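Chemist: Here's a structure for you.
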Amino acid sequence: MSNSGRAITESITRTSESTPSPASAKPVQAVPSRHKRFGSIRVEYLSSLLSEAAVGKSSLVLRFVNNEFSENKEPTIGAAFLTQKCRLEDNKVIKFEIWDTAGQERFHSLAPMYYRNAQAAVVVYDVTKAASLDKAKSWVKELQRQANPNIVIALAGNKIDLVEPQEDSEVLSNIFREVPTEEAKAYALEAGLLFFETSAKKGEGVVNVFTEIAKKIPVEHIMSANRSGSRNILNQSSSRIDFQPDGLNGPIGRRTDGSACNC
Amino acid sequence: MSQSISANKAQTSSIAQKSPVEEPSLSSTTSPITGNPIPNSKPSVGLQGGAESLSWSRSAKVHVLSRQASFSTPHRTDSQYLSSSLTKSSSLKASSKSASTTNLVAHYPPVSTNKSNNFLANESLSRSNIMKSSVRSLSESAKAPSDAADHRSLQNNIADAHFTPTFARNPFSDDDHELFSNSTSVPSLSTSPKQLGGSSFPPTTSTQSEKVQEQATKEGEKRSSWDYIELLALDSFRNWILSFCVVKFDLELGQAMDLIYPSSDLTEEEKRNVCFLAFPDSNCFDEGDTVYNFRMRCLRNRATASGPETDSGFLYGYVFFRQKRDPTIRRGYFQKSLVFLSPYPYVGLFSSLVSILGPAYFEMGKPMLEAACHNVASWKPPSPGKTFELPFLGNVLHVEIPQKNKPQLLETSPFDMANYRQETQILASLPPKTLFSHFRDMIKDLWLCWELMVLAEPLALMAPDPKICSEAVVELVDLINPIPYCGDYRPYFTIHDTDFKSFVTKNKPPSNIILGVTNPFFNKAMQHWPNIIRVGKPKLRRATETSWRYINNPSSLDFVQGVTSKRKPVIAKDKSVLKLTAAAIAKGYPPDYLVNNTLRRYFVDLTEKFLVPLNRYFSTLIPVNVSLSSSREPPQLKPFKTDCFLKSLQDHGSQIPFKSKISATSTEVYVNFYQQFLKCGNFATWLHQRTIEAQSELRRRYLQVLCEDDVRKWMFGKDEVELIDLLVRIKDELKTPMQTTDAGQQISTRSADITDNSLLTAKQRDKLKVQARILVSGLPKDLRDSLAVNFL
């Protein structure tokens, strides 16, 4: 794959609106990307989600992108491509282009296509399955070996809702936490990863994963690199920066396919 | 029916000496082996009726009653009933199980239009005959009116059925190798009344199971001859389809081959390609089915993969993908695909077939595959330009097989347009309305698409789902029919494909290629391609659940439909076509398939007009006079010279409309366009094909002259040397092998029209011999004596 991961194609800048999430960060006030204005900065990031099967990658992304959760989500075939925008405190609007990859064995060999140009990767494990953390560790190793050297990797332990104390004690779940928070945290620290525990079901920590990633990615670095280059180089580099108006608020959805929807 | 029974009784009395159990199998099976003519199976019908007519007619009546009862019940109970009888039969020998279940499932979907007396006749026929004919006669009866003519056709059909194909999985082996079991029609004979009639036959149960056992022991003895028959059945199945594949989405592995049936020698790489091509790139709906097609590379030397066109080395796949909720599965979703692999690009036909078999298979399981195999094995081999009535799982499809490089249009089809039914009257090459339905929002772009196709430019076609993607690519290839597209095309191409690395690179794309893609990944990977066509609106995910309002349809390439191309179009659009389609879209009338046909006919005309100057020039290259004394060699074509053609083009002008804006230099524009065409691969394939046609026509004329011309007259005043020369030419012709007319119906269809003119028929040989005799008689005696030995 020659081209940059994050590129430009106007056409791919689809956005969605979603209600502001309860978390501190700022999902998505959609930005009219065709009309460049000046003011705040918009950055596009390509990131991909990796893990073994059935730990909740798709659910995590759907929580982030649509603020939705489906108890019974079908296994992802191949890979899904989604986008979402975030506004940071400093008024930067960041657009995430996310590859939600399938976790099955067969897709492993093709994962590099999806993460090769990514600025960020979220490696997910299931807190109720110790083996899933082992698999996550091997993903991290692979990313550190093969991916973009500046890649920001986040480790996310999903499904914490399953191990939280149930309010109605009648339903005694027989699911136990197999990965203690401390253990995973220690590993993340050692490997230089961002660390989160999340529940896609309840929406806990999900937006946080992405906003923290956004903060960690060296925007200025990418920007200066882009500025110095020609337009063409900018196109081929792995990021895109647009300027956005100040004080943009309220959802202004732009939709290319006319499928309007407010969540 | 009763007439034929009594008439046949006398003929078959000698066979009737043998045990009644064995007869049906004997009569139906030995005929192909011993080489007896097919009608031998007909007496067996009479025999069965004669020997057991009384008991049969009674049982058949009861049978019909119970059958009718099951028809009138709702579908759900019908399938329950079927599945219960399936489990009942599971204790029987595997072979009898497969046979009987096949017999059962032949009634799916329930046939409600049968008249009972007609059905009785069918019943006794099919019962006493072999499996395949029973499946066929039942499906025949689905559409048949109950008149005498129909009875006749029914008998003919059964007379055609000269062997019993039965495919079954060996229950004792767990591996993926499929066996063709030795099952015969007898188990189905004895067990099917029990199952179909349910409890109405309790007293006979024990004797029947004895019969089954008895038969089972006999089976072993005849195994070798049966294997031979199974191979024959497999062979006729493979005239149409290489294999059915079932691909599942394994929760740990991903795509995995569940079943290949009948087994086939696909390589690991091919299997892997099938697996990935059998699923959409991404989940495009929550619950639903989709049907699409693909084209994949396969071993070049595989005999079954030599399609009728320039396509050897490719296989065509037709996919039925189903995703639905299923709480019994670990992650709550059923995700599976059924794939037909065939050497033929009959997208219209196989898309219909796979959408019939797909749902049936996923509801009823393997017996449906077996039934489908039986149906397909009973079909005559496909031959270009012919129309077939194909029984398939209770449906009868009327199918016209396309001729090479001849577009299929409704006007030229044999179907009665007043009563045209898209579902069952099928033009094999294309789905009924997809050019219009997929390109309806971008009809005006079709002219540019046509230009790009004519010039064999590399094309990327992006679509939101595999159905639109694959059908749009197939339509584009057909858009320039009758020009044979020279390049490689992949209606649905994935990043998993073995060819991915060679097709999608940083560099200039290969010429002569069309890739249909749905993965958004290609949006960036192929952004440097010179021509990108975006087709189809992304569908919203079906809102089966409120939380699944899909704004962010994960599968879709988010795009605006249209063509992005570096090419500046030169062909003028046709306003009347644009008007017509716009009106049709606005009014919803005429129906899509008619608009589609109009649109396709327009482009066929456009292509034909484009070819007029080329054909005009080409016809000047063909020698006009072919006579007995023309030359020693058969006449040859003159070479195609570009400058001569361009001169001829300028003399006569172009037939197709170029844009009026550039009319000042119009000559230059169309000359330029033709020059580009002469440089592209399509010209090469077109010229090749025209040359073959012309040479074959020349040869036909040459042979005709050789056979028919009056040699006596010609000899008058000719030199001895000339006579000998002609004699040698005739002798050379006689040396070539004779065209086989009887043995090779299959052979002639497989190697298409090559055999047509190049070989002599028996009649021509005789005529040539006569001509040679005349020539010899005109020679001096000494020469005559030495030559005569060779010819007479």
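Chemist: Evaluate E = 1/(1 + (r/R0)^6) for B:Lys718 and B:Lys763, where r is the Cβ-Cβ distance and R0 equals 25 Å; express this FRET efficiency to the nearest 0.05.
Modeler: Rounded to the nearest 0.05, the efficiency is 0.40.
Chemist: Take the alpha carbon atoms of segment B:265-280, find their center, do the same for segment B:360-429, and report the distance between the two centers in whole angstrom.
Modeler: Measuring centre to centre over Cα atoms gives 26 Å.
Chemist: Something else about it: I'd like the mean, over residues of B:318-328, of how many other protein chain beta carbons sit within 10 Å of each residue's own Cβ.
Modeler: Across B:318-328, the average partner-chain Cβ count within 10 Å equals 1.
Chemist: Is any residue of segment A:43-66 close enough, with backbone N under 11 Å, to a label point placed 7 angstrom from the Cα of A:Ile175 along the Cα-Cβ axis, and if so, which?
Modeler: A:55-56
Chemist: Show the residues, 5+ positions off or on another chain, whose built amide H is closer than 5 Å to the amide H of B:Phe314.
Modeler: B:Cys298, B:Gly307
Chemist: Now a separate question. If I stretch the segment between B:Asp289 and B:Ser777 completely, what's the gain in nm (0.36 nm per residue apart, minus their alpha carbon distance), one decimal?
Modeler: 168.2 nm
Chemist: Order B:Met417, B:Met715 by their accessible area, 1.4 angstrom probe, all chains in place, largest first.
Modeler: Reading off the accessible areas and sorting them downward yields B:Met417, B:Met715.
Chemist: At a Förster distance of 60 Å, what's the computed FRET efficiency of B:Ala582 paired with B:Val770, Cβ-Cβ distance as r, to 0.05?
Modeler: That gives a FRET efficiency of 0.35.
Chemist: Apply 1/(1 + (r/R0)^6) to the Cβ-Cβ distance of B:Arg331 and B:Phe640, taking R0 = 60 Å, and write down the FRET efficiency to the nearest 0.05.
Modeler: 0.45
Chemist: Beyond 21 Å between alpha-carbons counts as too far, so tell me which of B:Lys433/B:Lys566; B:Lys735/B:Lys763; B:Lys638/B:Lys767 fall in that bin.
Modeler: Exceeds cut-off: B:Lys433/B:Lys566; B:Lys638/B:Lys767.
Chemist: Say each of B:Tyr420 and A:Glu105 gets a label point 7 Å from the Cα, pointing the same way as Cα to Cβ; how far apart are those two points in nm?
Modeler: 5.0 nm
Chemist: What are the ³J(HN,Hα) couplings of segment B:336-350, residue after residue, when phi is run through the Karplus curve with 6.51, -1.76, 1.60 and θ = phi - 60°? Round to Hz, x for glycine and proline.
Modeler: Couplings: 9, 10, 10, 10, 9, 9, 9, x, 10, x, 8, 5, x, 5, 6 Hz.
Chemist: Ordering B:Asp289, B:Asp258 by how much accessible area each has at a 1.4 Å probe, largest first, what is the list?
Modeler: Ranking B:Asp289, B:Asp258 by accessible area, largest first, yields B:Asp289, B:Asp258.
Chemist: Once you keep just the Cα pairs under 8 angstrom separated by 6 or more residues, what percentage relative contact order results for segment A:67-226?
Modeler: RCO, segment A:67-226: 21 percent.
Chemist: Can I ask one more? Modelled label-to-label distance, B:Glu252 and B:Asp710, 7 Å Cα→beta-carbon offset: nm?
Modeler: 8.6 nm
Chemist: Largest first, what is the accessible-area ranking of B:Ile724, A:Ile153 with a 1.4 Å probe?
Modeler: Final ranking, largest accessible area leading: B:Ile724, A:Ile153.
Chemist: Continuing with this model, one more query. Would you pull out the residues with amide H under 5 Å of A:Lys95's amide H, same chain only if 5 or more places away, H placed 1.01 Å from N?
Modeler: Those lying under 5 Å, H to H, from A:Lys95 are A:Val43, A:Glu44, A:Tyr45, A:Cys86.
Chemist: Using a simple spin-label model with points 7 Å from Cα along the Cα→Cβ vector, what separation in nm is obtained for B:Gln655 and B:Ser786?
Modeler: About 5.5 nm separates the two model spin labels.
Chemist: Please work out how much length the chain gains when fully extended from B:Lys501 to B:Val624, using 0.36 nm per residue of separation minus the C-alpha to C-alpha distance, in nm with one decimal.
Modeler: 39.2 nm
Chemist: Quick one: accessible surface of B:Lys506, probe radius 1.4 Å, all protein chains present, in square angstrom to the nearest 10.
Modeler: Its accessible surface works out to 150 Å², give or take rounding.
Chemist: Related question: Plugging the Kirkwood radius over Cα pairs into Stokes-Einstein for segment B:297-453, at a temperature of 25 °C and a viscosity of 0.890 mPa s, what D comes out in µm²/s?
Modeler: Answer, rounded: 138 µm²/s.
Chemist: Right, something else. Ignoring ligands and nucleic acids, what accessible area does B:Arg700 show with a 1.4 Å probe (Å², nearest 10)?
Modeler: The value for B:Arg700 is about 90 Å².
Chemist: For segment B:374-491, calculate the relative contact order in percent as a whole number, restricting contacts to Cα pairs under 8 Å that are 6 or more residues apart.
Modeler: 21 percent
Chemist: So, one more: Chains A and B: what accessible area do they bury, summed, in square angstrom to the nearest 100, with a 1.4 Å probe?
Modeler: Approximately 4500 Å², summed over both chains.
The values are calculated or read from the model by the stated rules, or taken from the named source; none is laboratory data. Values in this document were obtained by computation on a predicted structure and should not be read as measured data. As a convention, Cβ positions derive from the backbone with ideal geometry for all residues, glycine included, and neighbour counts pool all protein chains shown. Side chains are part of the model used for accessible areas, which takes the heavy atoms of the whole protein and leaves out ligands, DNA and RNA. Shrake-Rupley method; radii C 1.70, N 1.55, O 1.52, S 1.80 Å.
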